[in-house]
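Peer 1: My questions will all concern the structure given below.
The values are calculated or read from the model by the stated rules, or taken from the named source; none is laboratory data. Just so it is clear, the structure is predicted and the values come from calculations on it, not from any experiment. Here Cβ is always computed from backbone atoms with ideal geometry, including for glycine, and neighbour counts include all displayed protein chains.
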């Protein structure tokens, strides 16, 4: 059997949120890169880390007015252990707003230089982990926060470390 590889473009932001616009958004390249990187993290929060054979990557798309980025799922059907269909369905369904993935609406206006990008993303994921954290009894409220929190913790251990280190918690 020949190997089947295919891709699915998932967009660059939750479908009901404003997003960066080529020619209109100041620092478009930086904001678009941050936005799509956070969207990838938010998709992982909702769907979980990708199973073997699926990679979520950032894809550059050439346009007449410049290049914009989206999240793309790259799928290798030969590695499907039976989980691909439901995972892809969850990705395709997506979500309308950042908060549905546990994220506060990102403040992209704070980004002014590319060397801020990595810290901005880790801080946003750490914030989502604090937003979705369990109570002191271990219960999640709302219950939908539990899977989001577990998925982000598994996929982003550096952000999880930052989220719950004493230095990052407010007094």
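Peer 1: Filter the range 14-60 down to residues that are part of a strand (DSSP E or B) and touching a residue at least 12 places away in the same chain (Cβ under 8 Å), then give me how many there are. Steps first, answer last, please.
Peer 2: Going through the range 14-60, the residues part of a strand (DSSP E or B) turn out to be 54-60.
Still in the running and touching a residue at least 12 places away in the same chain (Cβ under 8 Å): 54-59.
Total satisfying the criteria: 6.
Peer 1: Being in a loop (DSSP other than H, G, I, E, B) and either at pLDDT 95 or above or surrounded by fewer than 19 Cβ atoms within 10 Å (Cβ to Cβ) (or both) is the filter here, so list the residues in the range 61-102 that pass it. So that I can check it myself, show each step before the final result.
Peer 2: From the range 61-102, those in a loop (DSSP other than H, G, I, E, B) are 64-65, 80-83, 94-97, 102; that's our starting set.
Once the filter is applied, which keeps residues that are in a loop (DSSP other than H, G, I, E, B) and either at pLDDT 95 or above or surrounded by fewer than 19 Cβ atoms within 10 Å (Cβ to Cβ) (or both), the range 61-102 yields 64, 65, 80, 81, 82, 83, 95, 96, 97, 102.
Peer 1: Looking at the range 61-75 only, could you name the residues that are touching a residue at least 24 places away in the same chain (Cβ under 8 Å) and either more than 13 Å from residue 7 (Cβ to Cβ) or in contact with a helix residue (DSSP H, G or I) (Cβ under 9 Å, 6 or more places away or on another chain) (or both)?
Peer 2: Within the range 61-75, 63, 65, 66, 67, 68, 69, 70, 71, 73, 75 qualify.
Peer 1: Answer yes or no: is there a residue in the range 34-46 that is surrounded by fewer than 18 Cβ atoms within 10 Å (Cβ to Cβ) and under 16 Å from the mean Cα position of the chain (by Cα). Full working, then the answer.
Peer 2: The first filter runs over the range 34-46 and keeps only residues surrounded by fewer than 18 Cβ atoms within 10 Å (Cβ to Cβ), leaving none.
No, every residue in the range 34-46 fails to be surrounded by fewer than 18 Cβ atoms within 10 Å (Cβ to Cβ) and under 16 Å from the mean Cα position of the chain (by Cα).
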